[in-house]
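The values are calculated or read from the model by the stated rules, or taken from the named source; none is laboratory data. Please read all numbers here as calculations on a predicted model, not as lab measurements. Please note: Cβ atoms are built from the backbone with ideal geometry, for glycine as well, and neighbour counts cover all protein chains shown.
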Amino acid sequence: MSGQTMSVGLKKTVVLVGMMGAGKTAVGRALAARLGVGFLDSDAEIEAAAHMSIKEIFDRDGEAFFRMREREVIDRLLGGDACILSTGGGAFLAAENRALISSKGVSVCLNADLELLWSRVAHKDTRPLLQTENPKQTLSDLFDQRAPLYAMADVVVDCDPQASITEMAEKVEAALIAAGGILEVSA
């Protein structure tokens with residue numbers, strides 16, 4: 001089939017879920033570019049609406065308040081055109097969010113192991129949940145608590161620590177095509 005161009009159309013919003021540091025934003029941007037669709041980041045949308053960082057919202061209003069705003073933003077974003085939507089690490093934990101995503105889009109978990117996650121978040125101070133005495137243990141505890149919920153995603157793609165962002169976007173695209181009903185592929 002050389003010389004033939006394939007066209008891919010997105011039938012519903014692809015919602016990237018998974019742990020902090022899994023690559024949801026970076027891979028999401030690359031995937032959106034590959035598919036020629038929009039990219040949205042729920043955390044960025046929350047920060048823009050609040051005129052504050054996620055950390056500032058957590059510090060001022062607490063996690064429960066943040067999670068309510070997060071649900072509202074995800075609902076609003078899922079109501080727009082089909083796109084790639086990156087969510088914060090805790091978004092998929094709430095049953096209400098999982099149901100919302102399932103009804104209006106498709107969830108894709110970027111499944112990264114603990115060491116890869118730690119290598120990506122260890123030197124960042126923008127992760128409110130890791131502002132603890134032992135952030136690596138906190139990350140490990142979060143990983144253990146959250147993994148069973150992330151496993152409930154419609155599609156799970158294992159992260160390869162050696163893969164580039166582009167290669168991971170290709171891997172997610174292939175998983176979406178294999179899942180069927182999400183991407184419309186035509187020659």
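General observations
- Residue pairs whose Cβ atoms lie under 8 Å apart, sitting 6 or more positions apart in sequence or on different chains, and linking a residue in the range 140-152 that is over 18 Å from Glu115 (Cα atoms) to a partner that is among the charged types (D, E, K, R), are Leu149/Arg98; Met152/Arg98.
- Of all the criteria given as (1) charged (D, E, K, R); (2) part of a helix (DSSP H, G or I); (3) within 26 Å of Glu47 (Cβ to Cβ), the one not satisfied by Glu115 is (3).
- For the range 159-179, a tally of residues being more than 18 Å from Ser86 (Cβ to Cβ) and either of a type in the set (S, T, N, Q) or assigned to a strand (DSSP E or B) (or both) returns 1.
Matching residues to (1) touching a strand residue (DSSP E or B) at 6+ places or on another chain (Cβ under 8 Å); (2) polar (S, T, N, Q):
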position	(1), (2)
Lys55	no, no
Arg60	no, no
Glu63	no, no
Val73	no, no
Leu78	yes, no
Ser86	yes, yes
Ala91	yes, no
Ala94	no, no
Asn97	no, yes
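- Each residue in the range 140-164 was checked for being under 17 Å from the mean Cα position of the chain (by Cα) and surrounded by 14 or more Cβ atoms within 10 Å (Cβ to Cβ), and 13 pass.
- Identity of the residue in the range 112-139, under 19 Å from the mean Cα position of the chain (by Cα) and hydroxyl-bearing (Ser, Thr, Tyr), that ends up modelled with the highest pLDDT: Ser119
- When Ile101 is tested against (1) under 17 Å from the mean Cα position of the chain (by Cα); (2) farther than 13 Å from Gly18 by Cα; (3) outside any helix (DSSP H, G or I); (4) aliphatic (A, V, I, L, M), only condition (3) is not met.
Rundown of residues vs (1) under 15 Å from the mean Cα position of the chain (by Cα); (2) without any contact (Cβ under 8 Å) to a residue 60 or more places away in the chain; (3) surrounded by 15 or more Cβ atoms within 10 Å (Cβ to Cβ), yes/no style:
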position: Ile57; (1), (2), (3): no, yes, yes
position: Met68; (1), (2), (3): no, yes, no
position: Gly79; (1), (2), (3): no, yes, no
position: Ala94; (1), (2), (3): yes, yes, yes
position: Asn97; (1), (2), (3): yes, yes, yes
position: Leu110; (1), (2), (3): yes, no, yes
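- Among (1) under 18 Å from Leu40 (Cα atoms); (2) more than 14 Å from the chain's Cα centre (by Cα); (3) modelled with pLDDT of 95 or more, the one test that Leu85 misses: (2)
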